[in-house]
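Below: one structure, written as structure tokens.
The values are calculated or read from the model by the stated rules, or taken from the named source; none is laboratory data. Every value quoted in this text rests on a predicted model; they were computed, and no experiment measured them. Don't worry about glycine lacking a Cβ; one is built from the backbone with ideal geometry, like all the others, and counts go over all protein chains shown.
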Amino acid sequence: MNVIILAAGRGTRLGKQNAEKPKCLFNIDGLSLIERNLILFNENNLNPIIVSGFKDSELKFLNLEMIHNSEFIETNMLWSLYKAVKYMNEDFIISYSDILVNIKLVEKLKTFNKGIGLIIDKDWLNYWSIRFKDPLDDAESLKVSNDGNIINIGQKAKNVHEIQGQYIGFLKVAGEDRLLFKKYLIDFCENHNTKSIAKKAYLTDFLQYLINKGIQIKEIPVNGGWIEIDNPSDVDAAKKSGRLSVIDNDIRKIIKKNNL
């Protein structure tokens, strides 16, 4: 099963700590974000595909298949995903490259087979309260129906009651819904009426577009188990929350087990 890793970004908010490198190469205690996730993906026999952009030559040491989004400066995340459309002929996972996940989340997503499923952090507020003075400065809306379908995602939220969890940038597309996902992605990115919108769109914009078309998108609820690195201060937040230590423990076990 392919994991499409969206790694075109530069990560300017990381400042000097990441210098002239892709954001996914941000280093925490001797190991980059992408190298940490690759250890978990490989342990689950997943096949990583990197969609690169800024300084893609810096990623060649990973010896993985790469697709270059040559328009990375003027496009956004959805356009990078569109570049990988040829890898959507079977069930696949999508992962942002500025997140770290633990082994349980990888296993949970790998076994999901009910269409389109998004990992949703129900314990987001505790984590966001450590990361931000005001969690609403960064948090996005997320509403879920009683039967577990997402009905609103990715909008600016005015209060925490509009947020029933946070989408973490880790999702799976499986079964017959994969065909619809791929069809709508191609249509959205190639139709002259929507192409310019698609180039600037976030992935959440497209997910809401699918929801508006009547496509069911399931939440896969979790409580923690991941971190996001947007700013250098996020490392401290990851450690203070205890989330990074859980991820690191998973990685150490795999390294020891496989003599890496």
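A few notes on this one:
- The set of residues in the range 21-41 being in contact with a strand residue (DSSP E or B) (Cβ under 8 Å, 6 or more places away or on another chain), closer than 22 Å to residue 109 by Cα and not aliphatic (A, V, I, L, M) consists of 24, 36, 37, 41.
- All of 127, 96 fail the test of being at pLDDT 95 or above and more than 19 Å from residue 207 (Cα to Cα), apart from 127.
- Restricting the range 209-260 to residues that are in a loop (DSSP other than H, G, I, E, B) and free of Cβ contacts under 8 Å to residues at least 24 places away in the same chain, the residue that is farthest from residue 148 (Cα to Cα): 259
- Flag if residue 157 is surrounded by fewer than 21 Cβ atoms within 10 Å (Cβ to Cβ), among the small types (Gly, Ala, Ser) and under 25 Å from residue 230 (Cα atoms): yes
- Residue that is nearest to residue 217 (Cα to Cα), among those in the range 151-198 that are outside any loop (DSSP other than H, G, I, E, B) and without any contact (Cβ under 8 Å) to a residue 12 or more places away in the chain: 179
- The sole residue among 58, 74, 90 that is surrounded by fewer than 16 Cβ atoms within 10 Å (Cβ to Cβ), touching a residue at least 24 places away in the same chain (Cβ under 8 Å), among the charged types (D, E, K, R) and in contact with a Leu (Cβ under 9 Å, 6 or more places away or on another chain) is 58.
- Scanning the range 126-150 for residues that are of a type outside the set (Lys, Arg), under 23 Å from residue 231 (Cα atoms), out of contact with any strand residue (DSSP E or B) (no Cβ under 8 Å at 6 or more places or on another chain) and assigned to a loop (DSSP other than H, G, I, E, B) gives 132, 134, 138.
- Condition check for residue 32: in contact with a helix residue (DSSP H, G or I) (Cβ under 8 Å, 6 or more places away or on another chain) and free of Cβ contacts under 8 Å to residues at least 12 places away in the same chain: yes
- Here the condition is being in contact with a Gly (Cβ under 9 Å, 6 or more places away or on another chain) and not basic (Lys, Arg); of 72, 41, 61, it holds for 72 alone.
- Candidate set: the range 140-195, residues that are under 18 Å from residue 80 (Cα atoms) and polar (S, T, N, Q); chosen: the one nearest to the chain's Cα centre (by Cα): 194
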